[in-house]
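All remarks here apply to the structure that follows.
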Amino acid sequence: MNRFFILAMTSVLLSGCNYGGIPQSAPSSDSSTKPEIERIRVAEIIDYTPAPGQYVNLLPPASVGETLESVKAKVSDYLNRGYTVTLGSFGGSITVRLAEPIRRRPGMPDFFVGGNAITNGSEPGIVEVSEDGATWYQLQGEFPPSDLPLTRITYTRVPPEENIPYSAVAADGAATEGFVYWLPQYHPQYYWPEWEQSPTLSYTALRLPDNARPNPDTGQYEFTPYAGYADSYPNSSPAGYLSLDDAIDTSTGAPADLSSITYIRVTTSILQSNGSLGEASTEVSGIYSIR
């Protein structure tokens, strides 16, 4: 294996993720710094459907015989303690109900989705918001939703210790095939969710452009963060702050004009394999209000 990829992966393991229950750092806030950052308690995990990925069954841990309900309880506990939860590869998502609303401050950032992004390590996920859990609006990042291909992806279950194949088809008919590669040197567990026994898993999501390119001079991948998404910038960076001003009705492109939200959905929106770093996967480590 290329030694540069080993160094890059080691950096991700040491800086980007945690395995022993160490909370990710929240955006900094002290008495002399505005705005004030506060983690909001997650009251309920409405839905947790990770796609296969190298952190599935690790963040949080899941074993043979797990049920979706037992895993959702772990996810809730992780988020409320600031620990990292994986959404897996493209299409994987989480939907949460917050214990208190996030209120819109026109012209100001309102909240932040904690993740495990590092400098030169960005795995953006699209963020959707709702007041009532029924009507949803997407936060428009630097790519208008109307410019992003709606993509249907299907993963096929294989035995443990094998690469998991997928096929994806965009609304315009463009097809992509590939694998979620098993990386036993880093994460030897099964990458298929242990509580999912279906032979296939299918998801539909908007696909962001690939954001990682290998540098031929160094052998390392270089990542471009995208503004307006989850897990794109390090938690300490205000560049990752989000505003409800950017919530839009994707069917019309019109502003949502929300006064507050109580529900948030995050979806892995990059479909890309980055060499020995593995697949792009969005991670979430809590929801933070900005006041």
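At least 2 residues that are more than 16 Å from residue 42 (Cβ to Cβ) in each: list the strands (runs of 3 or more DSSP E) lying fully within the range 76-149 that qualify.
125-130, 137-139
Given the conditions (1) under 30 Å from residue 37 (Cβ atoms); (2) open to solvent by 60 Å² or more (accessible area, probe 1.4 Å); (3) of a type outside the set (Val, Ile, Thr), report the number of the one that residue 171 does not fulfil.
Of (1) under 30 Å from residue 37 (Cβ atoms); (2) open to solvent by 60 Å² or more (accessible area, probe 1.4 Å); (3) of a type outside the set (Val, Ile, Thr), only one is false for residue 171: (1).
Within the range 236-265, track down each residue that is touching a Ser or Thr at 6+ places or on another chain (Cβ under 7 Å) and within 21 Å of residue 291 (Cβ to Cβ). Walk me through it before giving the result.
At the first step, the residues of the range 236-265 found to be touching a Ser or Thr at 6+ places or on another chain (Cβ under 7 Å) are 236, 240, 253, 261, 263, 265.
Within the range 236-265, 236, 240, 261, 263 qualify.
Which of (1) closer than 26 Å to residue 227 by Cα; (2) exposed (fewer than 14 other Cβ atoms within 10 Å of the Cβ); (3) within 21 Å of the chain's Cα centre (by Cα); (4) modelled with pLDDT of 95 or more does residue 112 not meet, given it meets every other one?
(2)
Among all residue pairs at least 6 apart or on different chains, which show Cβ distances below 6 Å where the first residue, located in the range 85-101, is over 22 Å from residue 279 (Cα atoms) and the second is crowded, with 24+ Cβ neighbours inside 10 Å?
Every condition considered, the pairs that remain are 96/264.
Here is a list: 55, 48. Which entry is aromatic (Phe, Trp, Tyr) and not in a strand (DSSP E or B)?
Of the residues listed, the single one that is aromatic (Phe, Trp, Tyr) and not in a strand (DSSP E or B) is 55.
Right, residue 139: surrounded by fewer than 16 Cβ atoms within 10 Å (Cβ to Cβ) and within 16 Å of residue 267 (Cβ to Cβ) or not? Reasoning before the result, please.
Working: surrounded by fewer than 16 Cβ atoms within 10 Å (Cβ to Cβ): no; within 16 Å of residue 267 (Cβ to Cβ): yes.
For residue 139, the condition - surrounded by fewer than 16 Cβ atoms within 10 Å (Cβ to Cβ) and within 16 Å of residue 267 (Cβ to Cβ) - is not met.
Check whether at least one residue in the range 272-280 is open to solvent by 40 Å² or more (accessible area, probe 1.4 Å), touching a residue at least 24 places away in the same chain (Cβ under 8 Å) and part of a strand (DSSP E or B), and report yes or no.
Yes, the range 272-280 has at least one match.
Restricting attention to the range 251-271, and to residues there that are without any contact (Cβ under 8 Å) to a residue 60 or more places away in the chain and assigned to a loop (DSSP other than H, G, I, E, B), which single residue is least open to solvent (accessible area, probe 1.4 Å)?
Among those that are without any contact (Cβ under 8 Å) to a residue 60 or more places away in the chain and assigned to a loop (DSSP other than H, G, I, E, B), it is 254.
If you scan the range 58-70, which residues turn out to be part of a loop (DSSP other than H, G, I, E, B) and either open to solvent by 10 Å² or more (accessible area, probe 1.4 Å) or on the phi > 0 side of the Ramachandran plot (or both)?
Within the range 58-70, 62, 63, 64, 65, 66, 67 qualify.
I'd like the full set of residues that are touching a helix residue (DSSP H, G or I) at 6+ places or on another chain (Cβ under 7 Å) and closer than 30 Å to residue 66 by Cβ, limited to the range 192-231.
Residues satisfying the conditions are 195, 206.
Just to confirm my filter: which strands (runs of 3 or more DSSP E) fall fully inside the range 190-250 and include at least 2 residues that are under 15 Å from the mean Cα position of the chain (by Cα)? Write out each step before concluding.
Values: elements: 200-206, 212-214, 221-223.
Ranges flagged: 200-206.
Filter the range 154-189 down to the residues that are in contact (Cβ under 8 Å) with a residue 60 or more places away in the chain and outside any loop (DSSP other than H, G, I, E, B), then identify the one that is farthest from residue 62 (Cα to Cα).
Applying the filter and picking the extreme gives 176.
Being polar (S, T, N, Q) and open to solvent by less than 30 Å² (accessible area, probe 1.4 Å) is the filter; apply it to the range 71-90 and report the residue that is farthest from residue 192 (Cα to Cα).
The extreme case among them is 76.
The values are calculated or read from the model by the stated rules, or taken from the named source; none is laboratory data. Everything numeric here is computed off the predicted structure, so don't read it as measured data. Note that each Cβ is placed from the backbone with ideal geometry, even for glycine, and that neighbours are counted across all protein chains shown. All accessible areas refer to the heavy atoms of the entire protein, side chains included, with ligands and DNA or RNA removed. Shrake-Rupley method; radii C 1.70, N 1.55, O 1.52, S 1.80 Å.
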